[in-house]
């Protein structure tokens with residue numbers, strides 16, 4: 001498939017750290033969509049900005065977290081847990097990105113959690129707009145940042161999906177209480193945002209946003225309603241519902257990694273039970289969703305199509321897939337992972353080597369823009385023709 005070489009378009013130096021004693025270590029995994037802004041169709045991007053402390057006290061590891069509140073913190077503030085390397089870390093678990101501690105007490109609820117993994121960085125999203133898909137203005141103030149308890153250790157890997165004239169963006173948070181989970185946020189214009197779920201009768205005092213998916217990450221809702229695999233309407237036809245791709249948070253040694261399809265009538269309550277769409281070829285590899293999905297026709301079948309990611313021997317690559325747009329548990333086509341990491345112009349080592357992770361897909365006429373994270377350090381864009389991708393899927 002003909003596709004342009006990755007071009008790095010977002011770098012850590014493009015942003016200012018939240019605190020003077022922190023540095024930005026990554027700007028990657030950007031979700032994307034289109035929006036009419038100032039009377040012009042533009043591309044909206046939501047990039048993950050990861051920060052770490054610059055220096056640590058002797059014998060200590062600083063673990064960043066956001067100051068959160070059960071009612072939501074109106075400002076983004078970062079503090080640190082000071083972890084004693086000798087006494088508090090489980091031996092053999094201290095790495096560049098994470099560590100496992102014997103126990104930790106959460107300041108927002110005074111709960112103590114034992115034997116828990118923690119990140120050595122914290123992430124939050126930044127919002128930008130572009131008229132050409134390459135040069136983004138990141139100056140827009142964005143009111144979405146970690147402020148609720150389930151977001152205390154960061155907001156990561158947003159996807160943006162257009163639904164019924166609104167936008168839903170999904171995000172992953174590494175919560176030590178409920179494991180990794182996925183949140184949903186709704187907006188019309190990216191100025192006013194509403195975390196889901198909303199309370200009954202819009203009673204603000206009962207507004208407690210939480211994970212929509214617990215222990216599942218990188219949820220990617222489909223852009224239109226689909227057939228429910230089991231339930232029927234009063235006329236005996238398949239009931240219409242929403243569907244989402246989900247990725248298991250953890251894998252058993254006897255069960256390969258998989259992408260599932262789950263179903264919902266209200267975007268809040270999901271189940272189905274889930275259908276397995278794709279599996280890794282063995283228990284040592286992993287795979288998961290990548291970009292938001294777009295509409296198309298493959299070999300006469302109406303489909304949703306996009307990119308998935310596949311990890312083998314520590315190398316992240318990406319491939320194309322297409323699913324039936326009415327019965328999304330049917331995989332119509334899937335290519336082998338053909339997009340490789342380390343193909344961009346930067347030759348220096350990134351935060352996590354050998355990673356290309358696709359997260360955003362935008363189609364304008366026949367031109368497609370693929371956005372993804374490179375080495376957990378930068379965001380790249382690649383251009384291709386939608387027609388070329390469809391033709392490639394038709395031969396898969």
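Every residue, every condition in (1) in contact (Cβ under 8 Å) with a residue 60 or more places away in the chain; (2) more than 21 Å from residue 117 (Cβ to Cβ), yes or no:
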{"position": "34", "(1), (2)": "yes, yes"}
{"position": "39", "(1), (2)": "no, yes"}
{"position": "44", "(1), (2)": "yes, yes"}
{"position": "49", "(1), (2)": "yes, yes"}
{"position": "57", "(1), (2)": "no, yes"}
{"position": "60", "(1), (2)": "no, no"}
{"position": "65", "(1), (2)": "yes, no"}
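Would you check which residues across the stretch 260-309 are modelled with pLDDT under 95 and farther than 30 Å from residue 197 by Cβ and list them? Once the filter is applied, which keeps residues that are modelled with pLDDT under 95 and farther than 30 Å from residue 197 by Cβ, the stretch 260-309 yields 279, 280, 281, 282, 283, 284, 285. Is one or more of the residues making up the stretch 100-109 in contact with a helix residue (DSSP H, G or I) (Cβ under 6 Å, 6 or more places away or on another chain), assigned to a loop (DSSP other than H, G, I, E, B) and modelled with pLDDT under 95? Yes, the stretch 100-109 has at least one match. Please tell me if residue 67 is under 23 Å from residue 107 (Cα atoms) and either more than 21 Å from the chain's Cα centre (by Cα) or surrounded by fewer than 16 Cβ atoms within 10 Å (Cβ to Cβ) (or both). Against the criterion (under 23 Å from residue 107 (Cα atoms) and either more than 21 Å from the chain's Cα centre (by Cα) or surrounded by fewer than 16 Cβ atoms within 10 Å (Cβ to Cβ) (or both)), residue 67 qualifies.
With respect to (1) crowded, with 21+ Cβ neighbours inside 10 Å; (2) touching a helix residue (DSSP H, G or I) at 6+ places or on another chain (Cβ under 9 Å), the lone exception for residue 290 is condition (2). Considering every residue within the stretch 367-383, establish whether at least one is in contact with a strand residue (DSSP E or B) (Cβ under 9 Å, 6 or more places away or on another chain), farther than 30 Å from residue 36 by Cβ and surrounded by fewer than 18 Cβ atoms within 10 Å (Cβ to Cβ). No, that holds for no residue. Among the residues of the stretch 279-333, those identified as more than 18 Å from residue 356 (Cβ to Cβ), assigned to a loop (DSSP other than H, G, I, E, B) and touching a residue at least 60 places away in the same chain (Cβ under 8 Å) are 293, 299, 325, 326, 327, 328, 329. For residue 129, state whether it is more than 18 Å from the chain's Cα centre (by Cα), surrounded by 21 or more Cβ atoms within 10 Å (Cβ to Cβ) and at pLDDT 95 or above. Spelling it out, it is not the case that residue 129 is more than 18 Å from the chain's Cα centre (by Cα), surrounded by 21 or more Cβ atoms within 10 Å (Cβ to Cβ) and at pLDDT 95 or above. Only one of these is under 30 Å from residue 16 (Cα atoms) and in contact with a helix residue (DSSP H, G or I) (Cβ under 6 Å, 6 or more places away or on another chain): 183, 173. Name it. None of the others qualify; the one that does is 173.
Restricting attention to the stretch 177-192, does a residue exist that is in contact (Cβ under 8 Å) with a residue 60 or more places away in the chain, in a loop (DSSP other than H, G, I, E, B), closer than 30 Å to residue 239 by Cα and more than 14 Å from the chain's Cα centre (by Cα)? Scanning the stretch 177-192 turns up no residue that is in contact (Cβ under 8 Å) with a residue 60 or more places away in the chain, in a loop (DSSP other than H, G, I, E, B), closer than 30 Å to residue 239 by Cα and more than 14 Å from the chain's Cα centre (by Cα).
Of all residues in the stretch 43-54, exactly one satisfies the criterion of being over 21 Å from the mean Cα position of the chain (by Cα) and part of a strand (DSSP E or B), namely 53.
Listed here are the residues, each with its yes/no results for (1) within 19 Å of residue 108 (Cβ to Cβ); (2) exposed (fewer than 15 other Cβ atoms within 10 Å of the Cβ).
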{"position": "141", "(1), (2)": "no, yes"}
{"position": "146", "(1), (2)": "yes, no"}
{"position": "150", "(1), (2)": "yes, no"}
{"position": "153", "(1), (2)": "yes, no"}
{"position": "159", "(1), (2)": "no, no"}
{"position": "176", "(1), (2)": "yes, no"}
{"position": "188", "(1), (2)": "no, yes"}
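The values are calculated or read from the model by the stated rules, or taken from the named source; none is laboratory data. Predicted model, so just to flag it, every value in this text is computed and none were measured. Neighbour counts run over all protein chains shown; Cβ positions are idealised from the backbone, glycine included.
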